[in-house]
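Here the structure comes first, spelled out in structure tokens, and everything after it is commentary.
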Amino acid sequence: MNHRSFGKDRIKISEVGLGCWQIGGNWSHVEEDVAQSILKTAVEAGVSFFDTADVYGGGRSEEIIGRFLKEVGMNDLFIATKIGRGEMYPDKYSKEGIRSGIEGSLSRLGVESLDLVQTHCVPMDVMRSGEIYEWLGDLVDEGKIKRIGASVETVEEANRLLENLDSLYSLQIIFNVFRQKPIREVFERAKARDVGIIARVPLASGVLSGRFTEKTTFGAEDHRNFNKDGAAFNVGETFAGVPFEKGIEFAQKIGTMKPASLSLTEMALRWILDFDAVSVVIPGATKIEQVKITA
């Protein structure tokens, strides 16, 4: 596993991390023993960066990671979490609510201080106000948080924070071969400010794994079924905003151009990591075999 420098303090993290939305169980139930095996396999493969959120599975993702950490210890692992969705979204943000949310994450993860807290795709008006970052800054001063980042949905949001938030440590963005706008509009600004880039949805919700066909179907609770057109949340989170059938077509074409030595998954991740602005890419997994392929 290769490692890269991350953010202003240049901490070393694995260039491939693990996105832990899936193990939380919002839309793909993963049994506890399987989730623990996924985390163990990832660490054995050299993964040191794990991304979660307080709302993944109503806190279950953080709880699973917390139980894992209790068994293995931190051991140079870096846990990034998020706050800002759930009951407070979109217009019920308060200092007390943020503090309560952070205390909840600390308890579920079983740590004294959170490595990185990212605002979780909060509305632009909340970003413009800046209060949420002041509240998080107070918690940094208290030692409950070590670093502040932001997970965003658009390039406009990313640039707003790059231009106005001095405490910004990292940006989590949707970035893959289908979503290339950050190359032109974000990367150089982020590098100039030593802001780390976390690339999410790297496989376009699995389309770039090459496992799907036009006939593939998804369960009723799976966002790849109910959010194809952005009905529930930002459409970019599902298939990177590309119509499913078109994504399959593109993936098949890319498959004909990849080196024989690489799987389509490996090719998709390698393409992202060829950009030095990217600190870490965070594919998810619901099976141990998926961790072995991506890590």
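Restricted to the range 267-292, and to residues that are at pLDDT below 95 and surrounded by fewer than 16 Cβ atoms within 10 Å (Cβ to Cβ), which residue is nearest to Lys191 (Cα to Cα)? Across the range 267-292, the extreme among qualifying residues is Lys292.
Listed here are the residues, each with its yes/no results for (1) under 24 Å from Val152 (Cα atoms); (2) free of Cβ contacts under 8 Å to residues at least 24 places away in the same chain.
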{"site": "Gly196", "(1), (2)": "yes, no"}
{"site": "Val201", "(1), (2)": "yes, no"}
{"site": "Ala204", "(1), (2)": "yes, no"}
{"site": "Gly210", "(1), (2)": "no, no"}
{"site": "Thr213", "(1), (2)": "no, no"}
{"site": "Phe218", "(1), (2)": "no, yes"}
{"site": "Asn227", "(1), (2)": "yes, yes"}
{"site": "Asn234", "(1), (2)": "yes, no"}
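Scanning the range 255-266 for residues that are surrounded by 18 or more Cβ atoms within 10 Å (Cβ to Cβ) and farther than 10 Å from Pro202 by Cβ turns up just one, Leu264.
Each residue in the range 229-264 was checked for being outside any helix (DSSP H, G or I) and either at negative phi or in contact with a strand residue (DSSP E or B) (Cβ under 9 Å, 6 or more places away or on another chain) (or both), and 14 pass.
Within the range 234-279, the set of residues being under 17 Å from Gln290 (Cβ atoms) and of a type in the set (D, E, K, R) comprises Glu266, Arg270. All conditions but one from (1) closer than 18 Å to Ala45 by Cβ; (2) modelled with pLDDT under 90 apply to Leu262; the one that does not is (2). All told, Ser61 meets the bar of being in a helix (DSSP H, G or I), in contact (Cβ under 8 Å) with a residue 40 or more places away in the chain and touching a Cys at 6+ places or on another chain (Cβ under 8 Å).
Applying the set (1) surrounded by fewer than 20 Cβ atoms within 10 Å (Cβ to Cβ); (2) closer than 21 Å to Tyr169 by Cβ to Glu71 leaves exactly one unmet item: (2). Residue selection: Gly66 satisfies the criterion of being over 20 Å from Gln290 (Cα atoms) and either surrounded by 15 or more Cβ atoms within 10 Å (Cβ to Cβ) or touching a Gly at 6+ places or on another chain (Cβ under 7 Å) (or both).
Would you mention how many residues in the range 79-121 are in a strand (DSSP E or B) and touching a Phe, Trp or Tyr at 6+ places or on another chain (Cβ under 6 Å)? Counting residues in the range 79-121 that are in a strand (DSSP E or B) and touching a Phe, Trp or Tyr at 6+ places or on another chain (Cβ under 6 Å) gives 1.
Here is a check on your reading of the model: is Asp76 within 23 Å of Leu136 (Cα to Cα) and assigned to a loop (DSSP other than H, G, I, E, B)? It is false that Asp76 is within 23 Å of Leu136 (Cα to Cα) and assigned to a loop (DSSP other than H, G, I, E, B).
Of all residues in the range 180-228, those that are β-branched (Val, Ile, Thr) and either touching a His at 6+ places or on another chain (Cβ under 6 Å) or not in a loop (DSSP other than H, G, I, E, B) (or both) total 4. Scanning the range 175-194 for residues that are without any contact (Cβ under 8 Å) to a residue 24 or more places away in the chain and among the aromatic types (Phe, Trp, Tyr) turns up nothing. Please indicate, with yes or no, whether at least one residue in the range 106-116 is modelled with pLDDT of 95 or more and touching a Pro at 6+ places or on another chain (Cβ under 9 Å). Within the range 106-116 (the criterion being modelled with pLDDT of 95 or more and touching a Pro at 6+ places or on another chain (Cβ under 9 Å)), the answer is no, since none of the residues qualifies. Of all the criteria given as (1) surrounded by fewer than 21 Cβ atoms within 10 Å (Cβ to Cβ); (2) assigned to a helix (DSSP H, G or I); (3) out of contact with any Leu (no Cβ under 7 Å at 6 or more places or on another chain), the one not satisfied by Gly143 is (2). Residues in the range 236-246 that are free of Cβ contacts under 8 Å to residues at least 40 places away in the same chain and either more than 19 Å from Pro202 (Cβ to Cβ) or more than 16 Å from the chain's Cα centre (by Cα) (or both): Pro243, Phe244, Glu245, Lys246.
The values are calculated or read from the model by the stated rules, or taken from the named source; none is laboratory data. Model, not experiment: these values are computed from the prediction. Neighbour counts run over all protein chains shown; Cβ positions are idealised from the backbone, glycine included.
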